[in-house]
There are 2 protein chains.
Amino acid sequence: MPTYNAPTRDTRFVINEMLDLASYGNLPGFENATQDMIDTVVNESGKFCSEVLAPLNQIGDEQGCTRHEDGSVTTPDGFKEAYAQLVESGWTTLGGAEEYGGQGLPHVMSFAFEEYIGTANQAFAMYPGLTSGAAAALQAAGSEEQKAMYLPKMISGEWSGTMNLTEPHCGTDLGMIRTKAEPQGDGSYAITGTKIFISAGEHDLTSNIIHLVLAKTPGAPDSSKGISLFVVPKFILDDSGEPGERNGVSCGSIEKKMGIHGNATCGLNYDGATGWMVGEEHKGLAAMFVMMNAARLGVGLQGLAQAEVAYQNAVEYALDRRQGRALTGPAEPDQKADPIFVHPDVRRMLMDAKVFNEGMRALCLWGALQVDLTHKAQTEEERQLADDLIGLMTPVIKGYGTDKGYDIANNMQQVYGGHGYVKEWGMEQFVRDSRIAMIYEGTNGVQAMDLCGRKLASKGGRAIQAYFAAVEEEIASAKQVEGLADIAEKMEAALEEQKAATMWFMSNAMANLNHLGAGAHHYMHIMGIVTLGFMWLKQAKVAAAALEGSPEDAAFYEAKLTSAAYYAERFLPDAAALRRKLEAGSENMMKLPEEAFATAA
Amino acid sequence: MPTYNAPTRDTRFVINEMLDLASYGNLPGFENATQDMIDTVVNESGKFCSEVLAPLNQIGDEQGCTRHEDGSVTTPDGFKEAYAQLVESGWTTLGGAEEYGGQGLPHVMSFAFEEYIGTANQAFAMYPGLTSGAAAALQAAGSEEQKAMYLPKMISGEWSGTMNLTEPHCGTDLGMIRTKAEPQGDGSYAITGTKIFISAGEHDLTSNIIHLVLAKTPGAPDSSKGISLFVVPKFILDDSGEPGERNGVSCGSIEKKMGIHGNATCGLNYDGATGWMVGEEHKGLAAMFVMMNAARLGVGLQGLAQAEVAYQNAVEYALDRRQGRALTGPAEPDQKADPIFVHPDVRRMLMDAKVFNEGMRALCLWGALQVDLTHKAQTEEERQLADDLIGLMTPVIKGYGTDKGYDIANNMQQVYGGHGYVKEWGMEQFVRDSRIAMIYEGTNGVQAMDLCGRKLASKGGRAIQAYFAAVEEEIASAKQVEGLADIAEKMEAALEEQKAATMWFMSNAMANLNHLGAGAHHYMHIMGIVTLGFMWLKQAKVAAAALEGSPEDAAFYEAKLTSAAYYAERFLPDAAALRRKLEAGSENMMKLPEEAFATAA
């Protein structure tokens, strides 16, 4: 059975050393995030995920969820008990608002936990994950009454949440939503329609499920401008605020999926269910986007999560499995064969994983800090910069992070040879589970268009200019550090590729928007590559500085320097190739008629 | 349910127009491969696969194979009847030797069929596929008596075959084999040991199964030099040559796998089973390699196969599913949304698939022709050239073809959005089924080392020089064709990258073999990219010539020209990036100690 150990040392390195979170102690909510507190949260929540949740990952896959005739759903063996432990542990409350029972800690802290829970057991993690997204939307758009009614028990985890967007005919294009909301005269609405692909839509873990549902009021515009958001609890709250009457929403089916079997992906039928509007009429999409942006960062983290657990197990296997001899002569002549760890092609895959995972961890936590700074930085200028950067980066973290995370998970499966393909070893589950992250919360094609069609040009390109300036500053300061000049120069070249690609869009996309669409995926990957490089520069600088002091764990910092150099030589070269593809434009891509794609007999 | 139509027009284009098979009519075995014969075989075998085998693909995945308590194995519903139809149809006999009941047609013909059967139903295709590999090994290394005993019924498909290499502790490193073969004094051997991952190892489709087994005779060298090959029939033949006494080989388990559920992957226990040596003692590996080389080409074809069926279905979906509007304005304003086919990012994925699939089909059939020419070309020089080229290309077709084919299958799943992740639509099965091709018959890392560690330097680099000359000749002649100069120039640049990478190996690998291992994967991909470009030059030249004659289906040829241009602009740029990675060498890759890969707390 595969195992998982939370990489707490690396998380602490990023939070304490790279981000230097303690230096933000003067900001609201950060005052409690002392280094002691950080270390305790990281270490203990990591322990909980490794010891309680990881052992349920494979059984969750094997058993999946079961829908019964009455529409109720049972989660896999052990999930219910583990969920109760999770609620008791309080780990779900880290980032919640203090007035509703949360700990009000920086988002960075809950994001560190979110990595661990998703790595230990992604299907399980989605239950509290959806709750936290739904709570964020209520927090942002709900009335004071709604917040008081729902948030405390959602933050504590006693109740869970969902987000209901997709319908059978309507995924990305939410303007096509058909679910209706009829006012009932008492301030409530009767919600009727069918929603599909609802993660955690029905289950046996909590005493109530709070559905957030997009629907259209009578006479609403027939477009995304006519969508409103509703809160629809599975059990309507009674006067004491406890779950009362069963609402008219039921699980009609659960999907058979490629992976994440332990999470119930439901078709939900709303038959005149009672709901209450959240925020303003016709402004539902904006409210939902609060949730979506947080969720997209969380999905990016899933790209890291499955890559990380697959990596940890592949390392073990590579050290244990003996096959063949090192190219440079037997490494362990007294054994019949060397561990496959000695083979460069195995090491290539492990190193790719190591530098992606550590770079992505740094990026996700850096991104979480930007989310915090968006709300809490001292000056308007700082808040705006953080908001610009995280808005720009969200599709990159989601899109590049999950594309590349999936590649890495596949490479780790490859380390196992034939044993990677059989279920027993658990590697193929990591691949199947990680595949969904490229699809949900907006496919990666949608992320690429969000980046290139909206974020790049927004406010005259203010965000991308700020990003370029930040990366340039990092490059300039790395050049001053002994041993980092070569990495900095490679980064400079890669950044030039991104700038040139940006310029190409500026010069060509106006004339033909298809040029933008044709290059969006390439651009997102260029930016992902450069951004992880940006994170590696930051890490390398911190490591170089730490080594000046001859620290006890010098090997940890030396590995950071080697990893940064490996990243620069093995990941950055793709930026140039992607730019050339982008600059090819859309002509040949869009030229062929439908008929040319038919299979000719 | 997904569907499949054999792409017969494209196959005929490659065989009749690009390879001009008719021009080889003077060679033995080719005389019957008239254009009429080719068209009939292609069209009718394609029809059989599309109509009989494709409909069983999804049920095969759902049901899988069942092992019963007595060790017998039942295949999924419909497999037995379909197999009987296959035998009756005679499609398995296309390439078999005429003296044993085969049709003796060129390998190109059976390879065209092999694509179709693998595309329609990979798990099913592996039953006759393994048989044909085992028959090839017997044909090459067996005694006249053995051939007479086994080949006729293997070629007809009445009996099936397997290859038994892997043991629990021993995969790539066959020198570690423990299975024993004790001489019994009557010319037979008692075979004892455990083999795992035996595809088609036990099933209910045929009246006998002919296992080819690697084992060690007493006192054999404790290395790959001590391995012998044995034929071990499930039922020992009686005096009339019919299956008689049950042999001491049994299926102890079947693996639960990520995909290809319809094929029984068995653990086989040999308990003093009676076997007969095939070929010479201690020369088993060489005999098995005959089978492996053929099998590796077949596995390369599987990369194409799953990419092709996934592509066909994704095209249908992209034309049917409506979501959003074209970037350049509504394409179908009277509908609520446009088909997703209008979105550049969807078209990018479809075009990538189209040009990979058609390029790979051309490469596989070109490769099959080289196999034919190895044996049948008129002069020793021509035979040697063909042998050099296909020896060099086999790991590229297997390694690059399956890496890239898997990527394409994943992209086609991506076209479906959330629907791609649920089982109902069948797309996730194509991904799971295609994943194995990167692993079996030697992982793609093993292929890369076969290419770079053996094939490149073999005979003073004769093969790679011949390959460079062939590609250069194609580039030079394409430059003379109106409209192809740009593609030819891009190919010239890509070829220069490959040459530079080759030179880098020559200058650096001697000093440190790890440099070779560190770059082998990159090199294999460079060569795959250049080789498909080589095929696109060939196709473009044929298409340009055909268009001179204003043919009826001009659109087919015009699409070839656009596809060639798209390939050049979207695939070739990676060659330069891969070369840069290769030239980074092994220093940083191999630098970190084991401890640096452990998860630090």
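No value in this document is a laboratory result; all are computed from the given coordinates. This is a predicted model, so every value here is computed, not measured. A quick note on method: Cβ atoms are made from the backbone with ideal geometry, for glycine too, and the neighbour counts reach across all protein chains shown.
Counting only alpha carbon atoms, the long axis of helix B:144-156 and the longest principal axis of chain B meet at about 50°.
If R0 is 45 Å, what FRET efficiency do you get for B:E62 and B:T328 from their C-beta distance, rounded to 0.05?
Working: r = 42 Å, r/R0 = 0.94.
With a Förster radius of 45 Å, E is 0.60.
Given in Å, the Rg to one decimal and the Dmax to the nearest whole number for the Cα atoms of region A:339-409 are 16.6, 56. The alpha-carbon positions of chain B define a convex hull whose volume is 186 Å³ per residue.
Restricting region B:479-581 to GluC sites (Glu not before Pro) that sit in a DSSP loop and have at most 15 other Cβ atoms within 10 Å of their own Cβ leaves B:E482, B:E552. Here region A:458-588 is treated with +1 on each Lys and Arg Cβ and -1 on each Asp and Glu Cβ, and its dipole about the Cα centre works out to around 580 debye.
For chain B, the residue among B:A120, B:A353, B:G101 whose Cα projects farthest onto the positive side of the dipole built from Cβ charges is B:A353.
Could you tell me which of the pairs A:K581/B:K354; A:K225/A:K404; A:K47/A:K257; A:K404/B:K398; A:K490/A:K541 are separated by over 25 angstrom between their Cα atoms in the structure shown? Write out the running numbers ahead of the final one.
Numbers: A:K581/B:K354 17 Å; A:K225/A:K404 34 Å; A:K47/A:K257 30 Å; A:K404/B:K398 23 Å; A:K490/A:K541 15 Å.
Distance filter (> 25 Å) returns A:K225/A:K404; A:K47/A:K257.
A crude spin-label estimate for the pair B:R454 and B:Q335, with each label 7 Å from Cα along the Cβ direction, gives 5.2 nm.
Could you tell me the calculated FRET efficiency between A:A476 and A:A511, based on Cβ-Cβ distance and R0 = 60 angstrom, to the nearest 0.05? Write down the numbers at each step before the final one.
Values: r = 35 Å, r/R0 = 0.59.
It comes to 0.95.
When chain A is described by a simple charge dipole with +1 on each Lys and Arg Cβ and -1 on each Asp and Glu Cβ, the residue from A:W425, A:P221, A:V14 located farthest towards its positive end is A:P221. Here the alpha carbons of region A:458-588 define both size measures, Rg and Dmax, at 16.9, 59 Å. With both labels modelled 7 Å from their Cα along Cα-to-Cβ, the A:K423 to A:Q465 distance reads 5.7 nm. Taking the empirical scaling 2.2 N^0.38 Å for compact globular proteins as reference, the protein assembly as shown has a Cα radius of gyration ratio of 0.93. Computed per residue of the protein assembly as shown from DSSP H runs no shorter than four, each worth -39500 (n - 2.57), the mean residue ellipticity at 222 nm is -18000 deg cm²/dmol. One way to sum up the overall shape of region A:288-444 is the equivalent ellipsoid from its Cα gyration tensor, whose semi-axes run 39, 17, 10 Å, largest first.
Taking the Cβ of B:V52 as the center, what net charge do the other residues with Cβ under 12 Å away carry, scoring Lys and Arg +1 and Asp and Glu -1? Let's see the in-between values first.
Numbers: positive: B:K47; negative: B:E44, B:E51, B:E81, B:E88.
With Lys, Arg at +1 and Asp, Glu at -1, the net is -3.
Region B:125-281 gives an Rg/Rh value of 0.94, both radii derived from C-alpha positions and Rh following Kirkwood.
In this structure, the amide hydrogen of A:V278, modeled 1.01 Å from its nitrogen in the peptide plane, lies closer than 5 angstrom to those of A:L229, A:F230, A:V231, counting only residues at least 5 positions away or on a different chain. Modelled label positions at A:M503 and B:S253, each set 7 Å beyond Cα in the direction of Cβ, lie 6.1 nm from each other. Relative to the longest principal axis of the Cα atoms of chain B, the long axis of helix B:380-415 makes an angle of roughly 70 degrees. Neighbour counts of other Cβ atoms within 10 Å put A:S563, A:S253, A:S240 in the fewest-to-most order A:S240, A:S253, A:S563. Among B:S550, A:S143, a tally of other beta-carbon atoms within 10 Å of each Cβ gives an order, fewest to most, of B:S550, A:S143.
Over its Cα atoms, what ratio of radius of gyration to 2.2 N^0.38 Å does region A:195-333 give?
Details: Rg = 23.3 Å, N = 139, 2.2 N^0.38 = 14.3 Å.
So the Cα radius of gyration is 1.62 times the expected 2.2 N^0.38 Å.
Amide H contacts for A:S253 (H built 1.01 Å from N in the peptide plane; partners 5 or more residues away or on another chain; cut-off under 5 Å): A:G267.
In order along region A:285-297, the phi-based Karplus estimate (6.51 cos²θ - 1.76 cosθ + 1.60, θ = phi - 60°) of 3J(HN,Hα) comes to 5, 4, 5, 5, 5, 4, 5, 5, 5, 5, 5, 5, 4 Hz; Gly and Pro are listed as x. Comparing Cα centroids, region A:328-399 and region B:101-118 end up 48 angstrom apart.
Rounded to the nearest 10 degrees, the angle from helix A:35-48 to the longest Cα principal axis of chain A is 80 degrees. Net charge in the neighbourhood of B:E382 (other residues with Cβ under 13 Å of its Cβ; Lys, Arg +1, Asp, Glu -1) is -3.
Near A:T217, the amide H atoms lying under 5 Å from its own belong to A:A181, A:S228; only residues 5 or more places off or on other chains count, and H is placed 1.01 Å from N.
Distance from the C-alpha centroid of region B:178-220 to that of region A:195-243: 62 Å, rounded to the whole angstrom. Residues of region A:582-599 falling in the label zone of B:A555, defined by backbone nitrogen less than 13 Å from a point 7 Å along Cα to beta-carbon, are A:592-599. Annotation for region A:256-350: GluC sites (Glu not before Pro) lying in DSSP loop with at most 15 further Cβ atoms inside 10 Å of their Cβ are A:E280, A:E281.
Taking 0.36 nm per residue of sequence separation and subtracting the Cα-Cα distance, how much length would be gained by fully extending the chain between B:E88 and B:E281, in nm to one decimal?
Numbers: separation 193, 0.36 × 193 = 69.48 nm, distance 3.73 nm.
My answer for the length gained is 65.7 nm.
For region B:266-299 versus region A:132-176, the spacing of their alpha-carbon centroids is 60 Å. Taking a sphere under 14 Å around the Cβ of B:A97 and counting the other residues whose Cβ falls inside, with K and R at +1 and D and E at -1, yields a net charge of -1.
Taking other C-beta atoms within 10 angstrom as a stand-in for reagent exposure, A:R580, B:R454 fall in the order B:R454, A:R580, fewest first.
If you take the alpha carbon radius of gyration of region A:432-479 and divide it by 2.2 N^0.38 Å, what ratio comes out, to two decimals? Please list the in-between numbers first.
Numbers: Rg = 15.3 Å, N = 48, 2.2 N^0.38 = 9.6 Å.
Compared with the compact-globule rule of thumb, region A:432-479 sits at 1.60.
Looking down the axis that turns chain B into chain A, the chain B residue with its beta carbon nearest that axis, and the gap rounded to whole angstrom, comes out as B:A577, 2. Think of each Lys and Arg Cβ as +1 and each Asp and Glu Cβ as -1; about the Cα centre, that makes the dipole of the protein assembly as shown roughly 1100 debye. As a size descriptor, the averaged projected area of the C-alpha convex hull of region A:362-451 was calculated at 6.8 nm².
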